[in-house]
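First the structure, in the form of structure tokens, and then the observations on it.
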Amino acid sequence: MNILLEVNGRPAEVDVAPRTTLCDCLRDELELTGTHAGCEHGVCGACTVIVDGAAVRSCLMLAVQAEGASVTTVEGLAHGGELSPLQQAFRRHHALQCGFCTPGMLTTLHALFTEDPWADEARIRDVLSGNLCRCTGYVPIVEAALEARAFYQQAAGGR
Ligand code: FES
Ligand code: FES
């Protein structure tokens, strides 16, 4: 099936089998391999992308369901070759080790803070509870999230 969608702000057209997941479509058809395929059944969160503003497990969504949607992958977070404030905070706080979970962590947090820049630590931890990390113990991830939150608050015009 031929589908049209927007990926990281650019129009994309792909020809996929009806059973192709959005995750496989992004990785195999569009070569956006920053979206990681981990468990491939909705448990680990590594494949999380943002579809029309909502964090979505791309292993559980068919590519054809994304027809006409706006999709943001981890590759879409940086601008002009510069890491986003969230990505920079991850780097500063050593919020990744192997990095496998990182794209999903970043997209999940980006979706959260875009919707609610004032999300408190409890909410951040709750939202991240759907993203598994086997390396970091989560503490530096939450620290990075709390630091980066200020940039989203600023972008939202402060309170
Ligand atoms: Fe999609 Fe694990 S690969 S949730
Ligand atoms: Fe290795 Fe999270 S950094 S799984």
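Some points to look at:
- Per-region count, the range 72-119, residues over 10 Å from ALA148 (Cβ atoms), polar (S, T, N, Q) and away from ligand 2 (no atom under 16 Å from the Cβ): 3
- Set THR114, THR73, THR102: member being open to solvent by less than 10 Å² (accessible area, probe 1.4 Å), out of contact with any Cys (no Cβ under 7 Å at 6 or more places or on another chain) and of a type in the set (Ser, Thr, Tyr): THR73
- Yes/no for ALA46 being assigned to a loop (DSSP other than H, G, I, E, B), crowded, with 22+ Cβ neighbours inside 10 Å and in contact (Cβ under 8 Å) with a residue 40 or more places away in the chain: yes
- Search result, residues across the range 117-159 that are aliphatic (A, V, I, L, M), farther than 20 Å from ASP52 by Cα and open to solvent by 30 Å² or more (accessible area, probe 1.4 Å): ALA122, LEU132, VAL139, LEU146, ALA150
Every residue, every condition in (1) β-branched (Val, Ile, Thr); (2) within 27 Å of LEU128 (Cα to Cα); (3) open to solvent by less than 50 Å² (accessible area, probe 1.4 Å), yes or no:
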{"residue": "LEU4", "(1), (2), (3)": "no, no, no"}
{"residue": "VAL14", "(1), (2), (3)": "yes, no, yes"}
{"residue": "PRO18", "(1), (2), (3)": "no, no, no"}
{"residue": "CYS23", "(1), (2), (3)": "no, yes, yes"}
{"residue": "ASP28", "(1), (2), (3)": "no, yes, no"}
{"residue": "GLU31", "(1), (2), (3)": "no, yes, no"}
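The values are calculated or read from the model by the stated rules, or taken from the named source; none is laboratory data. Just so it is clear, the model here is predicted, and its values are computed rather than measured. All Cβ positions, even for glycine, are placed from backbone atoms using ideal geometry, and neighbour counts span all protein chains on display. What goes into the accessible areas is simple: the full protein's heavy atoms, side chains included, and nothing from ligands, DNA or RNA. Shrake-Rupley method; radii C 1.70, N 1.55, O 1.52, S 1.80 Å.
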